[in-house]
Amino acid sequence: MARLDKYLWAIRAFKTRTEAAEACKGGRVHIGGVSAKPAREVAPGDILLVRKGPVQYTYEVIQPLEQRVGAALVPQYARNLTPDSELQKLHAPVEVFFVNRDRGSGRPTKKERREIDRLWDSMEGE
């Protein structure tokens, strides 16, 4: 048996064990539809739901593991059941608007602010 936070770190779902423990404490990790604490033991056959950003990953525990393994060995210990529809969220276009200003040029002038506002208004009207 292995602790949940160690297991998530070992199968490379999180970069650090601390991140895995914080995700558990924050309610972003569920086992069987129930929020799981970091010290919960995982067993073969458990289905883990892990929310990272906009994506909810689904893993099936094949074999408990306490030591981090290379990425090539992870399929021996966990099966990634995440549907493609969830993975597509990683590639969703993000509309971000940047105003290119020279670093250190300070706040926009009144004239520049009006131009920015006009641009925003024209984008909202589309």
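What residue, among those in the stretch 74-108 that are assigned to a loop (DSSP other than H, G, I, E, B) and modelled with pLDDT of 85 or more, is farthest from PRO64 (Cα to Cα)? Going through the qualifying residues, I end up with PRO83. Which members of the stretch 28-60 meet the condition of being under 12 Å from ASP5 (Cβ atoms) and of a type in the set (Asp, Glu)? GLU41 - this is the single residue of the stretch 28-60 that is under 12 Å from ASP5 (Cβ atoms) and of a type in the set (Asp, Glu).
Within the stretch 11-53, the residues that satisfy the criterion of being in contact (Cβ under 8 Å) with a residue 24 or more places away in the chain, touching a Phe, Trp or Tyr at 6+ places or on another chain (Cβ under 7 Å) and outside any loop (DSSP other than H, G, I, E, B) are ALA23, VAL42, LEU48, VAL50. Taken together, the criteria exclude LYS111 from residues that are closer than 30 Å to ASP121 by Cα, under 16 Å from the mean Cα position of the chain (by Cα) and not in a loop (DSSP other than H, G, I, E, B). If I filter the stretch 54-73 down to residues being assigned to a helix (DSSP H, G or I) and without any contact (Cβ under 8 Å) to a residue 40 or more places away in the chain, which single residue comes out as surrounded by the most Cβ atoms within 10 Å (Cβ to Cβ)? The selected residue is LEU73. Note on the stretch 45-73: among residues that are β-branched (Val, Ile, Thr) and within 19 Å of VAL34 (Cα to Cα), the one that is modelled with the lowest pLDDT is VAL55.
The values are calculated or read from the model by the stated rules, or taken from the named source; none is laboratory data. This is a predicted model, so every value here is computed, not measured. Cβ: placed from backbone, ideal geometry, glycine included. Neighbour counts: every protein chain shown.
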